[in-house]
Every structure is written in C-alpha cells, then in structure tokens.
Amino acid sequence: MEQTPESPYGREKAVLVGTFNPRWKSRREFADPDVEDTLEELKQLTISAGGDAVAVIACRLERINPSTFLNRGKVEEIAELVVLHHADLVIFDDELSPRQSRNLEKVFNVRTLDRRALILDIFAKRAHTREGQLQVELAQLMYLLPRLTGLWTHLERQKGGIGMRGPGETQLELDQRIIREKMRRLKQELERVKNTRHLQRDKRKRVPVPQVVLVGYTNSGKSTLFNRLTKSDVFEANKLFSTLDPTTRKVLLPNHREILLTDSVGFIRKLPHELVEAFKATLEEIQNAELLLHVIDASDPLWESHKRATEQVLSELECLSKPIIEVYNKIDELPDEEMRLAQSPRRVFVSALKEIHLDQLLERVADGLLEGYKRVRLLLPQGRGDLLALIHREGKIHHQDFLADRVEMTVDLPTKRIEQWKKFGFVISDYSPSVL
C-alpha cells in the first residue's frame, strides 16, 4: 500500500483501489498488466479529473463478491483509509455493478466510482465542440441507465398491503423513459452530425487530399507532434486525455504534396465500450485515413503495454490492416544505449518537443502514401495548367516531356483516381505497380 501527501486545497481527495489475482499470470487469456502499472495509470486519471490520490491499495481478489466486489475485510480496511485521510471519494480500477456501488457507498459514506465513471467524467470536462459534448452525454446516459434503481430506494414502498403503495416504481419508470427518450434524440442528432461529416468527406474526395491520422496511447505526445508539424496551437499538457475533440490541419510534405493531418483522441486500457460506441462518428476519421501514425512514448517503461492497448482499439475499429508508421516519440529523454529498437521503414524516432527528426518523419509519410499509388503515362493538353497543378498536388512526377501542344509525363497517381483520368482519355498506357 502506498500513501501520498495531502492534496492541495480545493482538490478532491481519493482512495484508489486495484485488484490482482496471482493465478491469472499463469493463464494467458487472463493475463493483465501488473497492478502497480494500472494503479499508476488510475492515479494519473484521477489527477486529470481534478483530484489527488491520498492512498493507493492493491487487493488480492480470489473471487468477486456479488454484493461488495471485495471481501468484507478489505472493504473495512478501505473504509478506515477513507476516515484516516478524510477522503472525498473511493475509485476502483475495476468495473462495479450498480448494486456493488450502492453497497460500498453505504459502508464508506463517500462517493464510490469505478474506472468507467472516472473516464466519463474526464471526457465531460474536455469536450468542447458540440459533437464531442453530444457523444459524452450519450455515453454518460448509457452508463447511468442501469444505475437508476438505487436512486429511488427512499420511495420504494410497493410491497403490497394497505398503506404500502407509493410512487417509487412509477418515478423510476418515468426517469428510465426520460433517459431513453433523451438517448434517442442524442443518437438522432449524432446521426445528423455523421451525415454532415459524410458530405464533407465526399466533397474532399472530389479533389482528394490524403488524410493522415495521429493515433496512440493517451499522453504519448500526439498533440505536441501535431502542433510542431502543422504550426498550430492545439492544447497540449502532460495529462491523460488533454485532447478530446479531433483537429485537422493541412501539412506540406517534402515532395510538395499536401495532406490533411488529424489529431485524434488518445486510447487507454479498458476504454469503456460505450465511449467507443459514442465516439464512432469521431473515430470514423481513423477508419477513413490513408495512413496512420502510431505515436508511442519511447521514454515510458510501459510503452510496449500501451502499444498493445492501442492496437487492441484499432483492431476493434478494423483499422489494423491500414498502412501504419510507428512514431517513437520523446527520444530526447532516453540515453543512447536505451535505443535498442531495430531500424525499420515502419519506425521513425523523433522528439516532437525538441523537433528532432521531424523532417525524416515527413519523408517517411510521403513514401508511405505512395504505397497506394500506381505509375502511369499521361498525355495532357499543354494549356491545361489546372490539370498540371492537380497532378502536382495528388501525385509524384518522375518524367515529363513538353511537346508542341501537349505534355507527356510518367507519374505516380492514387489508384482510386486513375480510372477517372482514363475516362477522360489522359492515360495513354496501362498502369503497373510503382517501383519506389
């Protein structure tokens, strides 16, 4: 058990609770990261939410108690910590059922949250766009709906008999109906947002600019990297989920092609399922990207675990088959001898803060995007400067000859655009795979 100093005035004090079962380590399907690591992450989440961990306890869990999650002895031990540290709330790293939350609150006499509720609270604070606020509100209602029952126990008098009929169940049913109706309206509004995104995406496809999306574990340095590459000022901080709403900016690559770079929400272990569902409109940016930049904090001892957690979410989004470049960030915080990762076309080592090797990253992005291209020979009217400008934006010119009234060129173009060029009669030879 670890104790931390008293929190500053005005910040809520929390007792953090994690669990472990030694038998899980010998069974691969139940193998979780070490409890110390997950509790450290829970502590960082608590700080991001505006609280401080005044006590941290790891409990051995042989089996789950249906009523209180933990056994009676551990529950009493946690209750003593709450009193000792004058804590305002208890936060469990595991998911609690509505019944368990209610029973634990009665024992602790303070609010009791689980990891899902904590993450939802952080998202609610960080959502600034209308779309983000809608998504968070929907996720909160999905979390609240099964937990309504305990909010009306003081009115539950429908036990039968004279004088025992009351408004308790009626009020509960009314609240459930109100929440379901609000969820329905939120889904309709989010569907309109989704349709608007589709229209914007279809408009972009008419003059396609490749979309590259930054993904990765929360607090890996995505926003700092985004700001350095785009010369923007997106909020960045050494906190989990410092960025929630996605931002997109144009970036000029070394080969003079433009791309759209998007900074997405960070991933985390045990990301609540309702958040993944609610944020599908936002996560569609990842699904529609031509290339993903997986940003990894190379200075974090747990980077391999975080990398797997990110890949798990990408797998749920069916995006692992997309072209991915692994960007190992914060190399300025590593001694040279710790850089043991083998060099690979799929790996780039950078420091976004110190702007180290960012030019190499952009060159790798340019090369990675060309993998979706084919080489063709074009014959264009010399007076069509608009077509020449479009080729410069979309492709890579290898050779061109200026003839009397036309331009003949060999160029790499997006595979999905070649049929359009052929339809207008500009392609004079069948395309073949590029040799890059």
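The values are calculated or read from the model by the stated rules, or taken from the named source; none is laboratory data. Only a predicted model underlies this, so the values are computations on that prediction, with no experimental measurement involved. For neighbour counting, all protein chains shown are included, and Cβ atoms are generated from backbone atoms with ideal geometry for every residue, glycine included. Surface areas here come from the heavy atoms of the whole protein model, side chains and all, with no ligands, DNA or RNA. Shrake-Rupley method; radii C 1.70, N 1.55, O 1.52, S 1.80 Å.
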For this session: Return yes or no: is Arg27 modelled with pLDDT under 85 and farther than 25 Å from Lys125 by Cα?
Result: yes
Problem set entry | Residue within region 242-254 that is in a loop (DSSP other than H, G, I, E, B), at pLDDT below 70, touching a Lys or Arg at 6+ places or on another chain (Cβ under 6 Å) and open to solvent by less than 80 Å² (accessible area, probe 1.4 Å) present | yes
For this session: Take region 348-366 and flag every residue that is open to solvent by less than 70 Å² (accessible area, probe 1.4 Å) and under 14 Å from Ser299 (Cα atoms).
Result: Phe349, Val350, Ser351, Ala352
Seminar exercise, completed: For region 409-425, pairs from a residue that is closer than 21 Å to Gln382 by Cβ to a residue that is open to solvent by less than 50 Å² (accessible area, probe 1.4 Å) and assigned to a helix (DSSP H, G or I), with Cβ under 7 Å and 6 or more apart or across chains, are Val411/Ile391; Leu413/Glu394; Leu413/Trp421
Problem set entry | Flag if Arg375 is open to solvent by 50 Å² or more (accessible area, probe 1.4 Å) and over 17 Å from Arg257 (Cα atoms) | no
Problem set entry | Residues within region 383-423 that are assigned to a helix (DSSP H, G or I), polar (S, T, N, Q) and either on the phi > 0 side of the Ramachandran plot or more than 35 Å from the chain's Cα centre (by Cα) (or both), tallied | 1
